[in-house]
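Asks: Could you have a look at this structure, given as structure tokens, before my questions?
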Amino acid sequence: MRERVVIKWGGGLITDKTTICTPQLTTIDQLAMAVKKCVDDGVDVILVHGAGSYGHLRARHWRLNEGRVAEGISPDGQCTTQQEAVMCVRKDMLELNSHVCSALSALDIPTSVHPPHQWAKGTGANFSGNLDRFAVSPGCVAVTFGDVVDTDDERLFGILSGDDLVYRLATEVPSVKRLVFAIGGVDGLLRVPPEQATSDDLIEEWSPSIAFEGTHHSEIDVTGGIGLKAARGAQAAAHGVEVHMVNGGYADRVYNACMGLPVLGTRVVR
């Protein structure tokens, strides 16, 4: 049976996170080439992508990560209620996903797309949903993404992070050997804030006992930022999955990490 790898393309990597619904198409094309090389070299891919400016900005304005809240949020020019914002973010995420799938299709890579709002319920690592759908045929890339999903509690809805998705996929779908986080702007986890870091500050092997510094734009991001990636990566590593964080601006590093080759970045261990 062919090996599988789960890859997470960060939303800040594949979009301009400061401008609503703005994709980084060149980066997406380069990352798609890395996926193509993996598939051609006998490793199947489950691809999860973040939301970036297609989800976080509107979700933050409408407090969608909190679920249903009292009305009183000001209209944003496109939505007037939280429920309209839920539908709008879901539509925007499908648009971003179409850019991702178009880049893969241009390389003759078949895809199987699984929008979480259609099959998953609940937020956090314990969300419910049948993951068997991701065990697709060899050569086909199963694709999903962070999304607004329904919940079974008083919140009614919430944000299911791509970082929670990758943890479950890496530990529950058969034959997954590696989990690779392709992040934007940094080479991995750092000992000091990114704006102060030099090459000596990269943490080449990280476990939860080691402190690190990262940038979390809480005014934009409605999920857990780099801290959630590290936490979910460590949980996956505890299940025997090889976990790497690499700079997604270098598609060759993403490919090398997916193939288990030496790579500049952070290896996450239990």
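The values are calculated or read from the model by the stated rules, or taken from the named source; none is laboratory data. These figures come from a predicted structure and were not determined experimentally. Neighbour counts are summed over all protein chains in view; Cβ atoms, including those assigned to glycine, are modelled from backbone coordinates with ideal geometry.
Asks: Return the total of residues in the range 119-139 being part of a loop (DSSP other than H, G, I, E, B) and within 15 Å of SER161 (Cβ to Cβ).
Replies: Selection size over the range 119-139: 8.
Asks: Does any residue in the range 120-142 that is closer than 18 Å to LEU107 by Cα come within less than 7 Å, Cβ to Cβ, of a residue that is surrounded by 14 or more Cβ atoms within 10 Å (Cβ to Cβ) and among the aromatic types (Phe, Trp, Tyr) six or more places away or on a different chain, and which pairs are these?
Replies: Matching pairs, first to second residue: ALA142/PHE134.
Asks: Out of curiosity, is ILE7 out of contact with any Pro (no Cβ under 8 Å at 6 or more places or on another chain) and touching a residue at least 40 places away in the same chain (Cβ under 8 Å)?
Replies: Criteria met by ILE7.
The rows are residues; the columns are (1) among the acidic types (Asp, Glu); (2) crowded, with 23+ Cβ neighbours inside 10 Å; (3) more than 18 Å from PHE145 (Cα to Cα); (4) in contact (Cβ under 8 Å) with a residue 12 or more places away in the chain.
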| residue | (1), (2), (3), (4) |
| --- | --- |
| ILE46 | no, yes, no, yes |
| GLY52 | no, yes, no, yes |
| GLY55 | no, yes, no, yes |
| ARG58 | no, yes, no, yes |
| HIS61 | no, no, yes, yes |
| GLU66 | yes, no, yes, yes |
| ILE73 | no, no, yes, yes |
| CYS79 | no, no, yes, yes |
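Asks: Only one of ALA85, ALA106, ALA125 is surrounded by fewer than 14 Cβ atoms within 10 Å (Cβ to Cβ), aliphatic (A, V, I, L, M) and out of contact with any strand residue (DSSP E or B) (no Cβ under 8 Å at 6 or more places or on another chain). Can you tell me which?
Replies: It is ALA106.
Asks: Return yes or no: is VAL141 at pLDDT 95 or above, buried (at least 23 other Cβ atoms within 10 Å of the Cβ) and within 23 Å of ILE183 (Cβ to Cβ)?
Replies: yes
Asks: When you scan the range 166-183, do you find a residue that is without any contact (Cβ under 8 Å) to a residue 40 or more places away in the chain and under 23 Å from GLY249 (Cα atoms), even just one?
Replies: Checked against the condition, which is being without any contact (Cβ under 8 Å) to a residue 40 or more places away in the chain and under 23 Å from GLY249 (Cα atoms), the range 166-183 yields no hits at all.
Asks: Out of the residues in the range 144-177 that are among the hydroxyl-bearing types (Ser, Thr, Tyr) and in contact with a strand residue (DSSP E or B) (Cβ under 6 Å, 6 or more places away or on another chain), which is surrounded by the most Cβ atoms within 10 Å (Cβ to Cβ)?
Replies: Among residues in the range 144-177 that are among the hydroxyl-bearing types (Ser, Thr, Tyr) and in contact with a strand residue (DSSP E or B) (Cβ under 6 Å, 6 or more places away or on another chain), the one surrounded by the most Cβ atoms within 10 Å (Cβ to Cβ) is THR144.
Asks: Residue by residue through the range 41-94, note down the ones that are under 21 Å from VAL113 (Cβ atoms) and among the small types (Gly, Ala, Ser).
Replies: GLY50, ALA51, GLY52, SER53, GLY55, ALA59
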